[in-house]
Amino acid sequence: MSSTMHDTNDTPAAHARWTEDPVLTVEHLTMRFGGLVAIDDLSFSVGRGDITALIGPNGAGKTTVFNCVTGFYKPTEGRIVLRRGKKPTDASIADLTKTGQQYSREGENGIYLLERMNDFRITATAGVARTFQNIRLFGGMTVLENLLVAQHNHLMRASGFSIAGLLGLPNWRREAKRAKDKAVAWLDRISLLDRADDPAADLSYGDQRRLEIARAMCTDPRLLCLDEPAAGLNPRESAELNDLLRSIRDRDGVSVLLIEHDMGVVMEISDHIVVLDYGKKIADGDSRAVRDDPKVIAAYLGVDDEEVYEVEEDLHRDDPQAASMKTMSEGDQA
Amino acid sequence: METTNQPTASNRPEGAELESEARRDAMQGEPPFTEAPPEDSRFVRSLKEAGITAALVGALTVFFFIFRTDIGSGGLDLTLRPELWLVWMGIAFGARFLLSYFIFRAEEPITRYFKRPSASRRKPLPIGKIFGVAMLIVAIFLPVLLDTFLPRQNRYLLDLSILILTYVMLGWGLNIVVGLAGLLDLGYVAFYAVGAYSFALLSTNFDLGFWVCLPMAGLFAALWGIMLGFPVLRLRGDYLAIVTLAFGEIIRVVLLNWYEFTGGPNGLLGIPKPTLFGLEFSRGDDGFAAYFGIDYDPIQRFVFLYYIILALALLTNFVTMRMRKLPVGRAWEALREDEIACRALGINTVNVKLSAFATGAMFGGFAGSFFATRQGFISPESFTFIESAIILAIVVLGGLGSQLGVVIASVVMIGGIELLRNLTVLEAVFGAGFDPTQYRMLIFGLAMVAIMVWKPRGLISTRIPSVFYKEKKKIGADLVSQGEGH
Amino acid sequence: MEYFLQQLINGITLGSIYGLIAIGYTMVYGIIGMINFAHGEIFMIGAFIALTTFLALAALGITFLPLVLLIILAVAMFFTAVWGWTIERVAYRPLRGSFRLAPLITAIGMSIFLQNFVQVTQGARVKPLPPQIQGGITLMDGPGGIVVQLSFMQIIIIVTTIVLMTAFSLLIGKTSLGRQQRACEQDRKMAALLGVNVDRTISLTFVMGASLAAVAGLMYLLYYGVIDFYIGFIAGVKAFTAAVLGGIGSLPGAMLGGLAIGLIETFWSGYFSVEYKDVAAFSILAIVLIFLPSGLLGRPEVEKV
């Protein structure tokens, strides 16, 4: 994938890219906790090979979307489809939905209905890996061990579900060596190789963030979901993170979906930005389009209701978001 | 700088900070508006504390030391023994005074000599490894050593060693579940019981030998581990603990009441002894001694049993150490660290937990089989909750996840307390008829509390990584999670 | 029908005792999130103190029953509370902030210690006490000689439980102590920052739980007329089951759970088999924890990711 393709451009073709070949589509997702509606009829797509940012003010429901996508929450309503390989047709997805199965797979191609799958199965079979807002490393294990745990499913098979491993068969030893090499390669890439034998809890905050991303990448995902990867990083670390994410997109060909508050990071690396407020989508587009969107500005600045209407009046686009915006501001102020 | 005495802009805040720090120290964190109590001297304060402690002990024990109820003619009799009460209050006073005076209130507590210097970066001697190897060598040659140096107590000490090794094995088995996977199992004795009963039933009903029944009993126990584990492994740490305790009790009650199958409270008798390639350790013509043309000595059977349990324990250790380096073992430890992260990495945590449960149960089952064959008789009496608690205590006090810690804790807790029996000194102090074994569990419980408060992470609390890139560094206990209950 | 009614009365009585013990579990769990495994032993200690006090009073010649009962109640509650306080101070407070299983393990150690302490100082044999309160109200005189009776003892147990429950609900709900307790339950650090003496509040929780367990111990002694050093273990596990069933952390839940466990156990013994009554109680514990982990009246817990 050439990097020029990801330069921010606002040609009409770029707008449609993520709808043309999405790796993930979230359709009419609704999540209720008791009476609280955290996400309300949200739909968006994540383009294959894109870095997509999910932004919005605190409490907009971003992490809830993540938890639904990665199976930690079961959505109240809606469909979340992960597509692998050649563009699956809408008809085939509809067929799969009707059968009640979790996924269908033919060789490299596959359709996965994430809302039906368990958290670990989403990572193991659909290939969606995630990181956490509050870093969740295995603090008492070494950096190297953290990356080996991430290769669990592969190694489990290689060790013959421990039988071959207990006997120390050569096939297992080869795979174990390979897994270690892979971990070492990743450590080299995130420049933590000299810390390989230190406990993960001893790393600095920025190093822990990078390690968590590398660990997620060791599961061989197709889609990487990052929950505020730049939180707490200094500018230099932020820049390193940007490079890492770009290389994950370009070198590994993994699509990235990230939640971020640091607008510097978001605007710089995102190919596509989805803006949430009160569980609804208020904007969707590339960075320039989103940056200039008055609704986004209004949401972030937290202007009063009337002003939102005024800002809305100013909009001279007749896209469906404007309508949904209206219902949102009415509904949520109730 | 020549003007060191002059306050400069740069050092003024530092000085102010120092001052405020000194003030804070002086107040010991008390808010400024509370009036500090007048300071007593160290001696007076220690005396006061000792007095309070003695009074507290007095209040606690007044109904247990002064009065004693016994069944007499026509109901309960009350005996008075105030001297016991006074003695214990005195002991409490003295002990607390010494503690206060020399440790709690002292400027330089005498315990500072015991405190090791903080962990230095340079590579320490692998004491653990040396100690472990030394212990292994001693264990292998123990029967010979005993025979040479302590021939008179040979049999008793060998029996004690067998008992200790049984607990070492049980501890190692439970260590997989509690220490590595971080799942608190309070019903481990259930698998011990399943192993013992399946061994006993298989060997007596189907006339199968020890070496056939042993693996079958282990498998049965593992199966039970999976059956019991499946519904409960979603539970949080302490809930899991209580449910496993409940399961342990259910199994015991069933064993107690299912007369046709288990013999109820009478238990099962006539469990065959293990044989060496078909040779029995008996006086007969086809016995071990006769076959090899040596004199029959009942000790031979003990030595044989000793080596069986040693081999079983070493097998447990070998498998555990090996598994730690396998993906499944690493997943156990990862599970203990953070279950949610495990799930995010695509690890089926139910399977991982079940594998830990089943592996631990299997070794419990092996130990149970050995117990059955050693005793020749089993009854539900041997499988009470207290047994689970002892095994758990060994694992926790040794240091969760530490194999060597389990050995040390078993030797100290089982061997040490058993040896109390032999100390005639105690009888001289407490009068004739003093039976220290009566206090075994009392001391056990107290030691559990004391060691836990003193060293919550157990005796050996560092973790050794399962894999390394350049250098194997020990990981401090403060970083290692112990299964926070998720 | 008569049999059923009689079992119902017996079940409610037993349930009241379990409920009183369960409150101690639920309060401690609510405030510091640990299973106070030694609480069953506290109950046992309460029963022993009650027994000894009773015999001592008898030896002193005080035999006026209401007075005797009041004195026993006060003495048992006080001295058991001292035990509760000491256990918290010695075995749990030093481990506050340590890893979660540490206090559970000291609690088990404490439980073993207390059992053996009582066994060593008071002997292992059971202590029978002849029934002190006899008679009752015959509610129904059924055919075939089946009599439904509500004994005075049962009335005393049920009434005492109701009175204590009401008093405690008021204490937790209306007083500043209760407010502090609830604050510590929500967020201990924040409560401390707002000037709540957290250590004292936790100590008081243990004291309250222990004194209620002492009442339960006295009731048990009078109702069954026989105690030994081992009664705490089974009663403790059952009371914990009650607390979990009702929803741990909830006071009315503990009472409700206690009643449920008492009724289930009584009916199981009455209609199925006495031998397996403990199995019934333990199975309920497992089933509730697996299918209804937040209990009947507890708040469901949302997993935070």
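Every number here is computed from the coordinates shown, using simple stated rules; none is lab data. Because the structure is predicted, anything quoted here is derived from the model rather than measured. Note that we place each Cβ from the backbone using ideal geometry, even for glycine, and neighbour counts take in every protein chain shown.
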So how long is each side of region A:17-111 along the principal axes, counting just the alpha-carbon atoms, biggest first, in Å?
40, 30, 19
Yeah, region A:102-220 with a ≥ b ≥ c from its alpha-carbon gyration tensor (a/c under 1.5 is rounded, else prolate when a/b outruns b/c, oblate otherwise) is oblate
Towards the positive end of the charge dipole of the protein assembly as shown, with charges on Cβ (+1 Lys, Arg; -1 Asp, Glu), say which of B:Ala389, B:Ser198, A:Val65 has the farthest Cα.
B:Ser198
Taking square-rooted eigenvalues a ≥ b ≥ c of the alpha carbon gyration tensor, is region A:138-202 rounded, prolate or oblate, where a/c under 1.5 means rounded and, failing that, a/b exceeding b/c means prolate?
prolate
In degrees, nearest 10, range 0 to 90: what is the angle between the Cα axis of helix C:39-60 and the longest Cα principal axis of chain C?
50
What is the calculated FRET efficiency for A:Ser247 to B:Val350, with r their C-beta to C-beta distance and R₀ = 35 Å, to the nearest 0.05?
0.50
Work out the mean other chain Cβ neighbour count within 10 Å for the residues of C:289-296 and drop it here as an integer.
3
DSSP loop GluC sites (Glu not before Pro) with at most 11 other Cβ within 10 Å: longest gap in chain C
C:1-300
Return the distance in nm (one decimal) between the two label points of a simple spin-label model at A:Asp41 and B:Ala311, each offset 7 Å from Cα along Cα→Cβ.
7.3
State the Kirkwood hydrodynamic radius of region B:129-454 in Å, one decimal place, computed from all pairs of distinct Cα atoms.
20.7
If you wrap a convex hull around the C-alpha atoms of chain A and split its volume per residue, what is the figure in Å³?
155
Measuring from the longest principal axis of the C-alpha atoms of chain C, the long axis of helix C:176-186 (C-alpha) lies at a number of degrees, nearest 10, equal to 70
Within the set C:Gly246, C:Gly225, C:Gly19, GNM on chain C using Cα springs under 10 Å gives the largest fluctuation to C:Gly225
antiparallel share of DSSP beta bridges within the protein assembly as shown, to nearest 5, in %, is 70
Quarter of the Cα convex hull surface for region B:39-110, i.e. its orientation-mean projected area (nm²)
5.5
Looking at A:Ser162, B:Phe288, C:Leu194, which one has the Cα that reaches farthest to the positive end of the dipole of the protein assembly as shown (charges on Cβ: Lys, Arg +1; Asp, Glu -1)?
B:Phe288
Given the pairs B:Lys455/C:Lys189; A:Lys74/B:Lys353; B:Lys129/B:Lys273; A:Lys74/A:Lys280, which are separated by over 26 angstrom at their Cα positions?
B:Lys129/B:Lys273
Using only the Cα atoms of the protein assembly as shown, what do you get for the radius of gyration and for Dmax, in Å?
33.7, 111
Classify region C:48-156 as rounded, prolate or oblate from the Cα gyration tensor: take a ≥ b ≥ c as the square roots of its eigenvalues, call it rounded if a/c is under 1.5, otherwise prolate when a/b beats b/c and oblate if not.
prolate
Given only helices, namely DSSP H runs of n ≥ 4 each adding -39500 (n - 2.57), what is the per-residue ellipticity at 222 nm of chain C, to the nearest 500 deg cm²/dmol?
-24500 deg cm²/dmol
For B:452-465, A:43-56, ranked highest to lowest by mean beta-carbon neighbours within 10 Å, the order is A:43-56, B:452-465
Quick numbers on region C:2-291, Rg and Dmax over C-alpha atoms in Å, give 19.1, 68
Please compute the average number of Cβ atoms from other chains found within 10 Å of each residue's Cβ in peptide A:154-165.
4
Rank C:Tyr271, C:Tyr220, C:Tyr18 by mean-square fluctuation in a GNM of chain C with C-alpha springs under 10 angstrom and give only the top-ranked residue.
C:Tyr271
Hey, got the average number of other protein chain Cβ atoms within 10 angstrom for residues in B:463-475?
6
Of the trypsin sites (Lys or Arg not before Pro) in region A:218-252, those whose Cβ has at most 14 other Cβ within 10 Å and which sit in DSSP loop:
A:Arg251
Packing rank of C:249-258, A:134-143, where each peptide gets the mean count of other beta carbons within 10 Å, highest leading
C:249-258, A:134-143
With Cα coordinates, the longest principal axis of chain A makes an angle with the long axis of helix A:170-189, in degrees rounded to 10, of 50
With charges only on Cβ, +1 for K and R and -1 for D and E, what is the dipole size of the protein assembly as shown about its Cα centre, in debye, rounded to 20?
3240
Rule-of-thumb check for region A:228-278: C-alpha Rg over 2.2 N^0.38 Å?
1.13
If packing is taken as the mean number of other Cβ atoms within 10 Å per residue, what is the order of A:68-80, A:119-131, highest first?
A:119-131, A:68-80
Restricting the count to DSSP beta bridges whose residues both fall in chain A, what percent are antiparallel, rounded to a multiple of 5?
65
In straight Cα distance, which lysines are under 27 Å from C:Lys127, not counting same-chain residues fewer than 8 positions off?
C:Lys238, C:Lys277
